[in-house]
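The values are calculated or read from the model by the stated rules, or taken from the named source; none is laboratory data. As the structure is a computational prediction, the values presented were derived from the model and not from experiment. Note that each Cβ is placed from the backbone with ideal geometry, even for glycine, and that neighbours are counted across all protein chains shown.
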Amino acid sequence: MFDFLADFYLWTKSLHVMSVLAWMAGLFYLPRLFVYHVEGLQKRGVVRESEMEMLFRHQERLLYKAIMQPAMISSWLFGVLLVLTPGVVQWDMIWPWTKAASILGMTWFHFWCGGARLRLAEGVNTLTGRQFRMMNEVPTLFMIVIVLSVILKF
């Protein structure tokens, strides 16, 4: 039924990898912006607080809406196409399941970042810079499981 996808396998795989790279870049950087946002407002420097707040809100919104959202959607789209490509996934092995669980976790983290962005924009954030630093490690853990699953096929 999906045999035609085999003809586009290398293109699909390439587009999937590019999408994932863009998504991961955003997942690594947005929590770091949150750290700067929270801690930067505690330091009153040359830039007035309201200007700094507007700058952070603008950067966070653009990163999330213009880069991370499209990258997540295209990662999922090309990933599903790879799953549907005959012979790509060996469902009797553990690796597709560990990768799938990690992808679901990474997607959860993506939406958690979206919620944190909105809370910061609304001025109702309750997390500290240290807590955002800790959350910044979450996508790394998912990435490690995904890469090891796909490369080692355990």
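What to note about this one:
- For the stretch 40-58, the count of residues that are touching a Leu at 6+ places or on another chain (Cβ under 8 Å), touching a residue at least 24 places away in the same chain (Cβ under 8 Å), assigned to a helix (DSSP H, G or I) and under 30 Å from E122 (Cα atoms) is nonzero.
- Selection count, the stretch 102-154, where residues are β-branched (V, I, T) and over 24 Å from V38 (Cβ atoms): 8
- Among the residues making up the stretch 121-154, those that are of a type in the set (F, W, Y) and either touching a Pro at 6+ places or on another chain (Cβ under 8 Å) or surrounded by 15 or more Cβ atoms within 10 Å (Cβ to Cβ) (or both) are F132, F142.
- The residue list Y64, Y29 contains one member that is surrounded by 12 or more Cβ atoms within 10 Å (Cβ to Cβ), free of Cβ contacts under 8 Å to residues at least 60 places away in the same chain and touching a Lys or Arg at 6+ places or on another chain (Cβ under 8 Å), which is Y64.
- Evaluated against (1) among the aliphatic types (A, V, I, L, M); (2) more than 30 Å from M52 (Cα to Cα); (3) modelled with pLDDT of 95 or more, V88 falls short on exactly one condition, (3).
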